[in-house]
Amino acid sequence: WDEVALLKHGEVPDARVAARFAETLAAVRAAGAFFNAKFSILQPGTEILPHCGPSNARLRAHVTVAAAAGASLRVGAPDAKRVEWGAAPLVFDDSFEHDVIHEGADPRIVLVLDAWHPELPPERRRFELYGRLS
(Lines give C-alpha, C1' and ligand atoms only; values in the text may rest on other atoms or scores of the structure.)
Protein backbone atom coordinates (compact mmCIF):
# COMPACT_ATOMS: atom_id res chain seq x y z
CA TRP A 1 0.00 0.00 0.00
CA ASP A 2 1.07 3.60 -0.46
CA GLU A 3 1.27 6.37 2.12
CA VAL A 4 1.60 10.15 1.94
CA ALA A 5 2.76 11.68 5.23
CA LEU A 6 1.34 15.04 6.31
CA LEU A 7 2.58 15.11 9.90
CA LYS A 8 5.14 12.97 11.74
CA HIS A 9 5.76 13.43 15.45
CA GLY A 10 4.10 16.82 15.16
CA GLU A 11 6.40 18.00 12.36
CA VAL A 12 5.78 18.39 8.63
CA PRO A 13 8.13 15.94 6.85
CA ASP A 14 7.66 17.31 3.31
CA ALA A 15 6.82 20.95 2.55
CA ARG A 16 5.55 20.05 -0.95
CA VAL A 17 3.03 17.60 0.48
CA ALA A 18 2.01 20.13 3.13
CA ALA A 19 1.36 22.73 0.43
CA ARG A 20 -0.68 20.32 -1.69
CA PHE A 21 -2.85 19.27 1.27
CA ALA A 22 -2.80 22.57 3.16
CA GLU A 23 -6.48 22.51 4.15
CA THR A 24 -6.29 18.95 5.45
CA LEU A 25 -3.13 19.70 7.41
CA ALA A 26 -4.72 22.85 8.86
CA ALA A 27 -7.77 20.85 10.00
CA VAL A 28 -5.58 18.17 11.59
CA ARG A 29 -3.55 20.79 13.43
CA ALA A 30 -6.70 22.69 14.50
CA ALA A 31 -8.01 19.52 16.14
CA GLY A 32 -4.98 19.72 18.44
CA ALA A 33 -4.93 16.01 19.29
CA PHE A 34 -2.91 14.33 16.55
CA PHE A 35 0.86 13.95 16.22
CA ASN A 36 0.88 11.79 13.07
CA ALA A 37 -1.27 12.18 9.98
CA LYS A 38 -1.00 10.42 6.65
CA PHE A 39 -3.06 9.33 3.71
CA SER A 40 -3.06 5.57 3.18
CA ILE A 41 -3.96 4.32 -0.31
CA LEU A 42 -4.94 0.69 -0.56
CA GLN A 43 -5.08 -0.67 -4.12
CA PRO A 44 -7.47 -3.47 -5.12
CA GLY A 45 -5.99 -6.91 -4.52
CA THR A 46 -3.86 -5.72 -1.59
CA GLU A 47 -3.42 -7.81 1.53
CA ILE A 48 -1.72 -6.20 4.51
CA LEU A 49 -0.38 -9.09 6.55
CA PRO A 50 -0.98 -9.34 10.31
CA HIS A 51 1.08 -6.81 12.23
CA CYS A 52 1.07 -4.75 15.42
CA GLY A 53 1.77 -1.09 16.08
CA PRO A 54 4.85 -0.30 18.17
CA SER A 55 3.10 0.62 21.43
CA ASN A 56 -0.26 1.04 23.13
CA ALA A 57 0.75 4.63 23.97
CA ARG A 58 -1.28 5.81 20.98
CA LEU A 59 -4.68 5.28 19.43
CA ARG A 60 -5.06 5.23 15.67
CA ALA A 61 -8.00 6.70 13.78
CA HIS A 62 -8.92 5.89 10.19
CA VAL A 63 -11.11 8.49 8.49
CA THR A 64 -12.36 7.33 5.11
CA VAL A 65 -11.62 9.67 2.20
CA ALA A 66 -12.64 7.27 -0.60
CA ALA A 67 -14.56 4.15 0.40
CA ALA A 68 -14.30 1.03 -1.71
CA ALA A 69 -16.40 -2.10 -1.43
CA GLY A 70 -14.53 -5.29 -0.67
CA ALA A 71 -12.15 -4.05 2.03
CA SER A 72 -12.19 -5.90 5.34
CA LEU A 73 -10.33 -5.51 8.62
CA ARG A 74 -9.53 -7.87 11.47
CA VAL A 75 -8.30 -6.65 14.86
CA GLY A 76 -7.32 -8.99 17.68
CA ALA A 77 -6.90 -12.74 17.78
CA PRO A 78 -6.24 -14.61 14.52
CA ASP A 79 -9.75 -16.10 14.73
CA ALA A 80 -11.43 -12.73 15.44
CA LYS A 81 -14.31 -11.81 13.17
CA ARG A 82 -13.30 -9.99 9.99
CA VAL A 83 -15.52 -6.96 9.37
CA GLU A 84 -16.36 -5.11 6.18
CA TRP A 85 -14.50 -1.82 6.32
CA GLY A 86 -17.01 0.78 5.20
CA ALA A 87 -17.04 4.57 5.27
CA ALA A 88 -17.51 5.11 9.03
CA PRO A 89 -14.51 6.45 10.96
CA LEU A 90 -12.69 3.85 13.02
CA VAL A 91 -10.51 4.27 16.13
CA PHE A 92 -8.51 1.37 17.53
CA ASP A 93 -5.43 0.45 19.54
CA ASP A 94 -3.15 -0.77 16.78
CA SER A 95 -0.81 -2.48 19.25
CA PHE A 96 -3.27 -5.36 18.86
CA GLU A 97 -2.58 -7.56 15.86
CA HIS A 98 -4.54 -6.47 12.80
CA ASP A 99 -4.66 -7.01 9.06
CA VAL A 100 -6.53 -5.76 6.01
CA ILE A 101 -7.68 -7.46 2.82
CA HIS A 102 -8.97 -5.44 -0.14
CA GLU A 103 -10.76 -7.61 -2.68
CA GLY A 104 -12.72 -4.76 -4.26
CA ALA A 105 -12.31 -3.04 -7.61
CA ASP A 106 -11.44 0.53 -6.57
CA PRO A 107 -8.68 2.09 -4.43
CA ARG A 108 -9.53 2.79 -0.79
CA ILE A 109 -8.08 5.97 0.71
CA VAL A 110 -8.08 6.80 4.42
CA LEU A 111 -6.63 9.59 6.49
CA VAL A 112 -4.73 7.89 9.32
CA LEU A 113 -4.41 9.95 12.50
CA ASP A 114 -2.45 9.08 15.66
CA ALA A 115 -3.15 10.55 19.09
CA TRP A 116 -1.80 9.79 22.53
CA HIS A 117 -3.87 7.20 24.39
CA PRO A 118 -6.15 9.20 26.73
CA GLU A 119 -5.12 7.07 29.73
CA LEU A 120 -1.42 7.82 29.18
CA PRO A 121 -0.30 10.44 31.72
CA PRO A 122 0.90 13.70 30.12
CA GLU A 123 4.43 13.25 31.51
CA ARG A 124 4.71 9.95 29.57
CA ARG A 125 3.74 11.50 26.20
CA ARG A 126 7.26 11.60 24.76
CA PHE A 127 8.17 9.90 21.49
CA GLU A 128 11.59 8.74 22.68
CA LEU A 129 9.92 6.47 25.27
CA TYR A 130 8.14 4.39 22.64
CA GLY A 131 10.50 3.82 19.75
CA ARG A 132 9.08 4.73 16.39
CA LEU A 133 5.47 5.79 16.78
CA SER A 134 5.03 6.39 13.06
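Between Ala26 and Ala87, the modelled label-to-label distance comes to 2.5 nm, taking each label 7 Å out from Cα in the direction of the beta carbon. Averaged per residue, the chain has 56 square angstrom of accessible surface, using a 1.4 angstrom probe with ligands and nucleic acids left out.
Ligands, DNA and RNA left out, the accessible area of the chain computed with a 1.4 Å probe is 56% carbon and sulfur. For the chain, the relative contact order works out to 32 percent when only alpha carbon pairs closer than 8 Å and six or more residues apart are counted. When Val28, Val75 are compared by accessible area at a 1.4 angstrom probe, the order from most to least is Val75, Val28.
Largest mean-square fluctuation among Leu113, Leu42, Leu73, in a Gaussian network model of the chain whose springs join Cα atoms under 10 Å apart, belongs to Leu73.
In a reduced charge model with +1 at each Lys and Arg Cβ and -1 at each Asp and Glu Cβ, the chain shows a dipole moment near 360 debye about its Cα centre. Segment Val4..Arg16, full-extension length gain: 3.2 nm, with 0.36 nm per residue of separation and the alpha-carbon distance subtracted. Modelled spin-label separation between Gln43 and Asn56, with each label point placed 7 Å from Cα along the Cα-to-Cβ direction: 3.6 nm. Size estimate for the chain follows the Kirkwood approach: the inverse of mean 1/r over distinct Cα pairs works out to 15.6 Å.
Remark: accessible surface ordering of Arg58, Arg125, Arg29, Arg20 (largest first) is Arg20, Arg29, Arg125, Arg58, probe radius 1.4 Å.
The values are calculated or read from the model by the stated rules, or taken from the named source; none is laboratory data. Keep in mind that this is a model prediction, so the values were computed, not measured. Here Cβ is always computed from backbone atoms with ideal geometry, including for glycine, and neighbour counts include all displayed protein chains. The accessibility values were calculated without ligands, DNA or RNA, using every heavy atom of the protein model including side chains. Shrake-Rupley method; radii C 1.70, N 1.55, O 1.52, S 1.80 Å.
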